[in-house]
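A.B. asks: My questions all concern the structure below.
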Amino acid sequence: MGRRVKLKLGSRIAYVDLVHEVAEDLARDAHFSKSDALNIGLAVREAVINAIKHGNAMDETKSVEIEFEENEKSFRVRVRDQGPGFDWEQTADPREERNMFRSSGRGIFFMKHFVDRVAFLRRRGRGTEVILEKRLQPAGRQGRGGAMKRRKG
Ligand SMILES: Nc1ncnc2c1ncn2[C@@H]1O[C@H](COP(=O)(O)OP(=O)(O)OP(=O)(O)O)[C@@H](O)[C@H]1O
Ligand SMILES: [Mg+2]
């Protein structure tokens, strides 16, 4: 059984940097490459901003819970808010031409690129939970940007 770290914060944008840093540090501790850890940090950042902004509507009395869970195979982060929930099947694709010049609507799209799995759960009357999961490559077989990056020639 790996490590588990849990944070509970009021809905303040000022806390986003702190969570971002914790996520990146824990990912590094879990032996992810620097670039993977960076991506995990960014995915968690987007999820936390959404939880504060869209979920809890910036209401500082509502909390956001972030749970980091690591085992030998993967790193999993759960971000929970106390908001009304939303229809995640209906979110716009930022690559579509009509959305190309919108300055928002990219967070979920980025999350899906930064980690291996993004899932949403509706917690009946208790908000939304976003699950972000990244698989840990066995040592010495790191993927893109990893320590054992393959060289040509
Ligand atoms: N936790 C949440 N609770 C309620 N609605 C959410 C939540 N997360 C996302 N949404 C909804 O999904 C939409 C898409 O989220 P996404 O992060 O992709 O874009 P954005 O937050 O609008 O803009 P950006 O992240 O690019 O600044 C949001 O505009 C919001 O309507
Ligand atoms: Mg967003």
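Computed from the coordinates by the stated procedures, all read-outs in this text should not be read as laboratory data. Because the structure is predicted, anything quoted here is derived from the model rather than measured. Methodologically, a virtual Cβ is constructed for each residue, glycine included, from the backbone with ideal geometry; neighbour enumeration extends over all protein chains shown.
A.B. asks: As a check on your grasp of the helix formula, calculate [θ] at 222 nm for the chain: sum -39500 (n - 2.57) over DSSP H runs of n ≥ 4, divide by the residue count, round to the nearest 500.
C.D. replies: It lands at -8000 deg cm²/dmol.
A.B. asks: Taking only Cα atoms and a 10 Å spring cutoff, compute GNM fluctuations for the chain and point out the largest among 69, 21, 97.
C.D. replies: 97
A.B. asks: Which value, in nm² and rounded to one decimal, describes the direction-averaged projected area of the C-alpha convex hull of segment 13-134?
C.D. replies: With the hull built on Cα positions only, its mean projection is 7.8 nm².
A.B. asks: Here is a follow-up. Find the relative contact order for the chain and round it to a whole percent, using C-alpha pairs within less than 8 Å whose residues are 6+ positions apart.
C.D. replies: 26
A.B. asks: Applying 1/(1 + (r/R0)^6) with R0 = 25 Å to the Cβ-Cβ distance of residue 110 and residue 6, what FRET efficiency is obtained, to the nearest 0.05?
C.D. replies: 0.55
A.B. asks: Calculate one ³J(HN,Hα) per residue across segment 57-66 by plugging θ = phi - 60° into the Karplus curve 6.51 cos²θ - 1.76 cosθ + 1.60, and present them in order as whole Hz with x for glycine and proline.
C.D. replies: Computed from phi, the couplings for segment 57-66 are 6, 6, 7, 5, 7, 8, 9, 10, 10, 10 Hz.
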